[in-house]
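The values are calculated or read from the model by the stated rules, or taken from the named source; none is laboratory data. Please read all numbers here as calculations on a predicted model, not as lab measurements. Every residue, glycine among them, receives a Cβ derived from its backbone with ideal geometry; neighbour counts consider all protein chains shown. Just the protein is used for accessible areas: all its heavy atoms, side chains included, with ligands, DNA and RNA removed. Shrake-Rupley method; radii C 1.70, N 1.55, O 1.52, S 1.80 Å.
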Amino acid sequence: MPAPSTIAELRASGFPDRTVKEELRANLLEGLGAGTPMFPQVVGFGDSVLPVLERGILAGHDLVILGERG
């Protein structure tokens with residue numbers, strides 16, 4: 001069966017409609033369960049920022065991530 005090409009076809013296919021928060025949480029839970037590093041490209045924040053980020057995603061909080069220049 002070909003991949004859906006419209007939103008209507010995607011919805012009709014039964015694909016789960018999830019928010020970005022729900023998708024992030026599901027992906028994080030899957031990765032944590034598998035023991036894979038979740039943010040390997042982020043260096044130097046493994047003991048400070050990343051645990052807080054993971055808890056925020058799991059709790060469903062709204063997150064704002066700013067770059068170096070904010």
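Overview of results
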{"quantity": "Members of region 1-43 that are surrounded by 12 or more Cβ atoms within 10 Å (Cβ to Cβ), among the hydrophobic types (A, V, I, L, M, F, W, C) and out of contact with any Pro (no Cβ under 9 Å at 6 or more places or on another chain)", "calculated": "L24, A26, L28, L29, L32, M38, F39, V42"}
{"quantity": "Residue that is most open to solvent (accessible area, probe 1.4 Å) [pool: residues in region 45-64 that are farther than 17 Å from E30 by Cβ and outside any helix (DSSP H, G or I)]", "calculated": "D47"}
{"quantity": "Pairs, first under 17 Å from G60 (Cα atoms) in region 24-35, second of a type in the set (D, E) and at pLDDT below 95, C-beta under 9 Å, six or more apart", "calculated": "L28/E54; L32/E54"}
{"quantity": "Tabulated pairs, region 38-67, first under 20 Å from E23 (Cβ atoms), second assigned to a loop (DSSP other than H, G, I, E, B), C-beta under 6 angstrom, 6+ apart or interchain", "calculated": "L50/F39; G56/L63"}
